[in-house]
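Novice: Here's a structure for you.
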Amino acid sequence: MTDRVQTIGSNGAAADLDAAETREWLEAIDAVIAHDGPGRARQILQRVVERAQHEGTGPIASLNTPYVNTIPPELEARLPGDPALERRLRSIVRWNAMAMVIRANKESSDLGGHIASYQSLATLYEVGFNHFWRAPTSDFEGDLVYFQGHSSPGNYARAYLEGRLTEEQLDAFRQEVSKPEGLSSYPHPWLMPDFWQFPTVSLGIGAITSIYQARFMKYLHARGIADTSGRKVWAFIGDGEVDEPETMGSIGLAGREHLDNLIWVVNANLQRLDGPVRGNGKIIQELESDFRGAGWNVIKVIWGSRWDPLLAADTDGRLVHVMEESVDGEYQTYKSRDGAYVRERFFGKDPVLLERVSHMSDDEIWLLNRGGLDQQKVYAAYHEAVRHTDQPTVILAKTIKGYGMGASGEGQMITHQAKKMTEDALLAFRDRFELPLTDEQVRAAEYYKPPDDSPEMRYLRERRAALGGSLPVRRRRAESLPVPGLELFKGQLEGTGEREISTTMAFVRVLAALLRDKQIGRHIVPIIPDESRTFGMEGLFRQVGIYSPVGQLYQPQDAEQLMFYKEDEHGQILEEGITEAGSISSFIAAGTSYSTHAVPMVPFYIYYSMFGYQRVGDLVWAGGDSRTRGFLLGGTAGRTALNGEGLQHADGQSHVLFSVVPNIRAYDPAYGYEVAVIIQDGLRRMVGEQEDVFFYLTLMNENYRHPAMPAGAEDGILRGMYRLREVASPQVHLLGSGTMLGEVLAAASLLEDDWGVSADVWSVTSFTELRRDGIDVERWNMLHPTADSRRAYVSRCLSDAPAIASSDFMRAFADQIRQWVPGPYRVLGTDGFGRSDSRKALRTFFEVDRHYVALAALRELDPKRAQEAIESYEIDPDAPMPTTV
Ligand SMILES: Cc1ncc(C[n+]2csc(CCOP(=O)(O)OP(=O)(O)O)c2C)c(N)n1
Ligand SMILES: [Mg+2]
C-alpha cells in the first residue's frame, strides 16, 4: 500500500527533496489505515491538507484516484443468478446483432449499420437487462434507459430472443420503407412508436435530455403529480460523445440538484469514429475529475477479474504505475494485437513486472480482461450505483471497441464503420463465443435462437419477468385531460380597446388563465431560461413559485414586494438559467410525460426567439422525433419588432427554421385573440385528442391596440389566414403577419386615401400551415388526375387580383404559398442581418413598411403611379439591398 501511494503521489511531481522524510509520512499513514481504517486516514489527511492550504500551499488534493477500479474486489457485490448462462445468452445476442448488420449489407452495401460499438458494450447492456432495468407495470412506471443510438442492433437482437421481433424484422433492419416490418436504423420514437422512447443518435442529445429527464421526475414527484420515487434514468454515453458540449454542459445541474435517480454509463472503448478518443491521455481519468468536480459519484470499472491477483500482488505499486503511465492510444493497440505483444509492450515497460508475469502464457496474458467486459465487475458497479443516494452516478467502464471481431475490427482504427467480417473472423467469433453453429451457418450469418425450453431461454424469460417485462417499450397515450373552452380567454377575445399591449403580454394573460384553471392548471409547466422579466412574467414567480429541490434557503432581496423571487420545493416554474439546450431538454421531458410517466404535462417554453432554434436545432428535431407535445414561444421575435438589440438578437428566420420540422405547427399571430385561439386549439389537439404535434408561436414586444375577434374568425386563424378588412371588390389583396399586420393595415388606408385603390387585408397567422394545406391539395390532385381538382385554402381565399405580403421575417417565410396565390404575388421581408434603430427606421431599411407595401401594390396595378409613390414617399430606389450591408 505504502508504495502505491508513493507511486501515485510522485506521478508528475518534482524529484523528492528528502526521501527519508517522505517515507516517514507514508509509514505513518499506513499505520493509521492498518489500525483505524481508511475512514480515519481520510479524516486526518483532510485536516492536514486544510492546514497546509491555509498556510499557502495552494490547491493540493486531486479529484483523481489511481487508475484502478473504484470498488475493491473484496467489496464487490457478487453477480447473482447463473453467470455461465448469462455469458451464453450474451454471446447469442452478440452474434445476432452482428449477423443482422452483415445480412443487411449482403442485401445491399448501402444499408450500413454498426457492429463494433455494440460488441464493446454488450456486457454493459446485458447485466442491466438481466438484473437492473425494470419495465413499466400496472403499479410501477419502471426505469428509463437511454440506449446508445448506433448500438441499436444489440437492442433488436435481444428483442428477437425475447420473442418481440421476428427474423423477418431483423432482416428488415434499415429498410423501413420497402418492408412494413422494417426496423429503424437508430432509436426513433417517430418510426417505432411502441418500441423506442428516446432518440439518442445525434451525439450529446441523449446525454443532456437524460439529465433533464431525471430532474423532471424529481419535479413531478415534488409537485405531487406522479410518484417517481425509486425509478431510475440510465444513459449510455460513448467516450467520444463526451466531446459534445451537450454531453458535459449540464452535468453540473445533476450534481447540484442531487439527481440520485440518474446513472450514466460511459462506454470507454477508447475509440470514436476516426481514431482514439484520447490517444495521448486517458479518457477515464479525465472524466473522473470532471464528474467528481461536478458533484457526481464516480465508479471506475477499468480492470476485469483476471487482473485481481496481479493487482493484489502489486505491493510495490509497479503495476499501477505502468497502468497510469500507459496512454489510451497504447491500450487500444494492445487489444488489436496478441498476448506476446502485451507482454513485451506493457509489462515490458518494467523488468520487474516482466518477471512477475513470466509464469503466465501469452494466452493467459491475452485473457486479462477489461472491467466493462466483465459481468462480475459490471454487476458490482451497477449494484452500487442504484443504491447510491444524494448524487448522480457515472460509471466509467473500460471496454474494447469491436470486441470479438478479431482481425476484422477489434481495437482497430477502422472498426467503427466495419459492416462486414471475413469468413475467418466470423468463424473465430463463433469459436470464441462458443456458438453452436456449423461453418455453413456461420458463413451465411444465420441467426441463432436456442429452443424455447432451453435453459438459456428459460433464464432470459425469468429474468425479464422478474423485472416486469420487456424494455424498451413506449406508451403512446395517457389519460386525456379536460381542455378548457375559448371562454377561459375571454379577456383576449374582447380586444384591448384603447390600451396598447404586446402579443407577449396577451400570451402571459393566456398562461395565467391556464395556470388558474382547476383542471389543467396543475399540468402546465412554464419553462424559462432567465428571461421572465424580459417577457413581463415575473408575476408568476410569486404566484406559482420557481421549482427548487431545497426550497428557498435565503430571504430574497425583494421579499417585501408583492411579486418577490420565490423559490419553492413545490414550485411550478422551471427557471433554467441561461441554457437554451437545458430548457428545451426540460421541454422534451415535460412534453413526453404522457408517454414516460403516464401523466400529460403541457410545457410552455418561452425564450428569446433568436436563441431558441439556432442554438438548439438538433434538440428541436429530437423533440419532434420524440412526439413531444407542448408550446414553444419565441419571444421578442421579428427582425424589426425587436428594435433595440440588433444583429445577434433580431430574429427574422425562426419561422423558416421551424418550417422544416414535420410535426411543428408554427404561427405568427398579430392579436391577443389569435394567440388565445391557437393555444386553445393546440390544447385540444395535444391534450384532448393526443395528437403528436407541437406548436411554435412567435410573440412580439411591440405594443399596439388589439381589436375584438371578428365573428367566425377561428377557423381561418387556425388554417393560417382570415380577412380582417373587407372591401367590395378589392383591386389588391394585402397580406400581413405578426407585427407587420399593422403596417399592412396602414398601407390599405394609404392606398385608398392617396391613390383611390381598394385593398382588402388578410391576417396571415401561418404561412407555414397554408403551405402545408397547399402541398396536401396539390399532391392529392396529382395522384387523382381524373377526379375534380381540389383547391388550396389560399386559392379559395384570394381572387386573381395582385397580392402583396409583408412580414417581419425573411421573404422565404411568406414565399411559401406562392404557387397557390391566384394572381401576381409580391413578397416583402426582412432578409439580411438585423441591426438596431427605431422600428420605423428599420422597417424603412428592410423595405417592409406601409410605404413599400403600397408601392408594391401600385407597381402591380400601374407602374406610373408606382413611380409617383417612390417620389411622394421619398423612397430611395438606389438604396443597397439589405442583405449586402
Ligand atoms: C452530433 C453527431 N455527430 C456525429 C455523429 C456521427 N457519429 C456516429 S457514432 C460516432 C462516433 C462515436 O464514438 P463514441 O461516442 O466513442 O461511441 P462508440 O461507438 O465508440 O461507442 C460518430 C462521429 C453523430 N451521430 N452525431
Ligand atoms: Mg468510443
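The values are calculated or read from the model by the stated rules, or taken from the named source; none is laboratory data. As the structure is a computational prediction, the values presented were derived from the model and not from experiment. Backbone-built Cβ (ideal geometry, glycine too); neighbour counts: all protein chains shown. Protein only, heavy atoms only, side chains kept; ligands, DNA and RNA dropped before computing areas. Shrake-Rupley method; radii C 1.70, N 1.55, O 1.52, S 1.80 Å.
Novice: HN-Hα J couplings of segment 862-870 from phi, Karplus 6.51/-1.76/1.60, θ = phi - 60°, integer Hz, Gly and Pro as x?
Specialist: For segment 862-870, the Karplus-derived couplings read 6, x, 5, 6, 5, 4, 4, 5, 4 Hz, x marking Gly and Pro.
Novice: Compute the Cα gyration tensor for segment 807-855, then decide on rounded, prolate or oblate, letting a ≥ b ≥ c be the square roots of its eigenvalues: rounded whenever a/c is under 1.5, prolate when a/b is larger than b/c in the other cases, and oblate in all that remain.
Specialist: It is oblate, given that a/c is not under 1.5 and a/b is not larger than b/c.
Novice: Is segment 565-607 rounded, prolate or oblate when judged by the Cα gyration tensor, a ≥ b ≥ c being the square roots of its eigenvalues, rounded requiring a/c under 1.5 and prolate requiring a/b larger than b/c?
Specialist: oblate
Novice: Taking θ = phi - 60°, what integer Hz values does the Karplus form 6.51 cos²θ - 1.76 cosθ + 1.60 yield along segment 819-830, in sequence order, with x for Gly and Pro?
Specialist: 6, 10, 7, x, x, x, 10, 10, 10, 9, x, 9
Novice: Can you tell me the 0 to 90 degree angle between the C-alpha axis of helix 83-107 and the longest principal axis of the chain, rounded to 10?
Specialist: It is inclined by approximately 50 degrees.
Novice: Skip the ligands, DNA and RNA, and give the accessible area per residue of the chain with a 1.4 Å probe, whole Å².
Specialist: For the chain, the solvent-accessible area averages 40 Å² per residue.
Novice: Which whole number of Å³ per residue matches the convex hull of the alpha-carbon atoms in segment 843-885?
Specialist: Dividing the Cα hull volume of segment 843-885 by its residues yields 67 Å³.
Novice: What does the charge count around Ala801 come to, taking other residues whose C-beta lies under 10 Å from its C-beta (Lys +1, Arg +1, Asp -1, Glu -1)?
Specialist: Details: positive: none; negative: Asp760, Asp800, Glu860.
Result for the neighbourhood of Ala801: -3.
Novice: Another question, if that's okay. In whole angstrom, how far apart do the alpha carbon centroids of segment 309-363 and segment 527-545 sit?
Specialist: 59 Å
Novice: Name the shape class, rounded, prolate or oblate, that the alpha-carbon gyration tensor gives for segment 37-109, where a ≥ b ≥ c are the square roots of its eigenvalues, rounded holds for a/c under 1.5, and otherwise prolate holds if a/b is larger than b/c and oblate otherwise.
Specialist: Because a/c hits 1.5 or more and a/b fails to exceed b/c, segment 37-109 counts as oblate.
Novice: Hey, another quick one. For Asp424 and Ala340 in one chain, what is 0.36 nm times their gap in residues minus the Cα-Cα distance, to one decimal in nm?
Specialist: 28.1 nm
Novice: Between Pro556, Val394, Ala214, whose Cα lies farthest towards the positive end of the dipole of the chain when Lys and Arg beta carbons carry +1 and Asp and Glu beta carbons carry -1, centred on the Cα centre?
Specialist: Positive-end residue among those listed: Ala214.
Novice: Of Gly736, Val761, Phe695, which is farthest towards the positive pole of segment 695-816's charge dipole, taken about the Cα centre with +1 and -1 on the beta-carbons of Lys, Arg and Asp, Glu respectively?
Specialist: Phe695
Novice: Moving to a separate point now. Report the percentage of all Cα-Cα pairs in the chain whose separation exceeds 42 Å, rounded to a whole percent.
Specialist: Counting every Cα pair in the chain, those more than 42 Å apart make up 45 percent.
Novice: For segment 41-46, take each phi angle, set θ = phi - 60°, evaluate the Karplus expression 6.51 cos²θ - 1.76 cosθ + 1.60, and give the result in whole Hz per residue in order, putting x for glycine and proline.
Specialist: Those phi angles translate into 4, 4, 4, 5, 5, 4 Hz.
Novice: Okay, moving on. Which order do the peptides 817-823, 516-522 come out in when sorted by mean C-beta neighbours inside 10 angstrom, highest first? Walk me through the intermediate numbers first.
Specialist: Values: 817-823: 18.9, 516-522: 14.0.
Output ranking for 817-823, 516-522: 817-823, 516-522.
Novice: Below 15 Å, Cα to Cα, which aspartates and glutamates can Lys335 reach? Residues fewer than 8 away in the same chain don't count.
Specialist: Straight-distance partners of Lys335: Glu344, Asp362, Asp363, Glu364, Glu410.
Novice: Taking amide H positions as placed in the peptide plane 1.01 Å from N, state which residues far from Tyr825 in sequence (5 or more) or on other chains have amide H under 5 Å from it.
Specialist: Residues meeting the amide H criterion: Ala803.
Novice: Take the alpha-carbon centre of segment 420-459, take the same for segment 231-307, and report the distance between them in whole Å.
Specialist: Their Cα centres are 33 Å away from one another.
Novice: Then there is this: Which net charge results when you count Lys and Arg as +1 and Asp and Glu as -1 among the other residues whose beta-carbon is under 15 Å from that of Gly577?
Specialist: -3
Novice: Related question: Would you report the distance distribution of C-alpha pairs in segment 196-320 as whole percents per 5 angstrom bin, up to the bin with the largest distance?
Specialist: Taking every Cα pair in segment 196-320, the percentages come to 2, 10, 17, 19, 17, 13, 9, 7, 4, 2, 1, 0.
Novice: Whose amide H sits under 5 Å from the amide H of Glu567, counting only residues 5 or more places off or on another chain, with H placed in the peptide plane?
Specialist: Close amide H contacts, sequence-distant or interchain: Ile546.
Novice: What's the magnitude of the charge dipole for segment 434-533 around its Cα centre, counting Lys and Arg as +1 and Asp and Glu as -1 at the beta-carbon? Answer in Debye, nearest 20.
Specialist: It works out to roughly 520 debye.
Novice: In square nanometres and to one decimal, what's the mean projected area of the convex hull around the Cα atoms of segment 433-547?
Specialist: Computed as one quarter of the Cα hull surface, the answer is 15.5 nm².
Novice: What is the percent carbon and sulfur in the accessible area of the chain, measuring with a 1.4 Å probe over the protein chains and ignoring ligands? Don't jump to the answer; show the numbers that get you there.
Specialist: Values: 17790 of 35450 Å².
On the chain, the fraction of accessible area on carbon and sulfur atoms equals 50 percent.
Novice: Which distance in Å, rounded to a whole number, links the C-alpha centroids of segment 137-152 and segment 553-573?
Specialist: About 36 Å separates the Cα centre of segment 137-152 from the one of segment 553-573.
Novice: Another question about this same structure. Highest mean first, how do 332-338, 769-775 rank when packing is the count of other Cβ atoms within 10 Å averaged over residues?
Specialist: Order by mean packing, descending: 769-775, 332-338.
Novice: Could you tell me the relative contact order of the chain? Use alpha-carbon pairs under 8 Å, at least six residues apart, and round to a whole percent.
Specialist: After rounding, I find 11 percent.
Novice: Sticking with this one: In the structure shown, do any of Lys106/Lys419; Lys377/Lys419; Lys232/Lys518; Lys300/Lys398 have a Cα-Cα gap over 20 Å, and if so which?
Specialist: Going by Cα-Cα distance, Lys377/Lys419; Lys232/Lys518 fall outside the 20 Å limit.
Novice: Still on this model: Amide H neighbours of Val602 under 5 Å, at least 5 residues apart or on other chains, H built in the peptide plane: list them.
Specialist: When sequence neighbours closer than 5 places are left aside, the close amide H contacts are Ile524, Val525.
Novice: Okay, moving on. Once you have all Cα-Cα distances for segment 653-794, histogram them in 10 Å bins from zero and send the whole-percent values.
Specialist: That works out to 11, 35, 34, 17, 4, 0, in percent per bin.
Novice: To continue, here is another question. Size of the dipole of the chain about the Cα centre, Lys and Arg at +1 and Asp and Glu at -1 on the beta carbon, nothing else charged, in debye to 20?
Specialist: The dipole of the chain has a size of about 1600 debye.
Novice: Please list 799-812, 824-837, 567-580, 690-703 highest first by mean number of surrounding beta-carbon atoms within 10 Å per residue. Could you put the intermediate results ahead of the total?
Specialist: Values: 799-812: 23.9, 824-837: 20.1, 567-580: 18.5, 690-703: 22.2.
Answer by packing, highest mean first, reads 799-812, 690-703, 824-837, 567-580.
Novice: Report the FRET efficiency, 1/(1 + (r/R0)^6), for Ala407 and Ser872, where r is their Cβ-Cβ distance and R0 is 56 Å, rounded to 0.05.
Specialist: 0.10
Novice: Averaged over all directions, how much area does the convex hull of the C-alpha atoms of segment 745-873 cover when projected, in nm²?
Specialist: For segment 745-873, the mean projected area of the Cα convex hull comes to 9.0 nm².
Novice: Calculate I(q)/I(0) for segment 596-704 by the Debye formula, one identical point scatterer on each C-alpha and no solvent, and give its log10 at q = 0.19 Å⁻¹ to two decimals.
Specialist: After summing over all Cα pairs, the log10 values are -0.96.
Novice: Given 4 °C and 1.567 mPa s, how large is the Stokes-Einstein diffusion coefficient of segment 253-295 in µm²/s, with Rh as the Kirkwood radius over Cα pairs?
Specialist: Roughly 109 µm²/s, to the nearest whole number.
Novice: Okay, helix-only estimate at 222 nm for the chain: each DSSP H run of n ≥ 4 adds -39500 (n - 2.57), divide by all residues, round to 500 deg cm²/dmol; what do you get?
Specialist: -12500 deg cm²/dmol
Novice: Let me know the Rg and Dmax you get for segment 390-480 when you use only its Cα atoms, in Å.
Specialist: Looking at segment 390-480, its Cα Rg and Dmax stand at 18.9, 57 Å.
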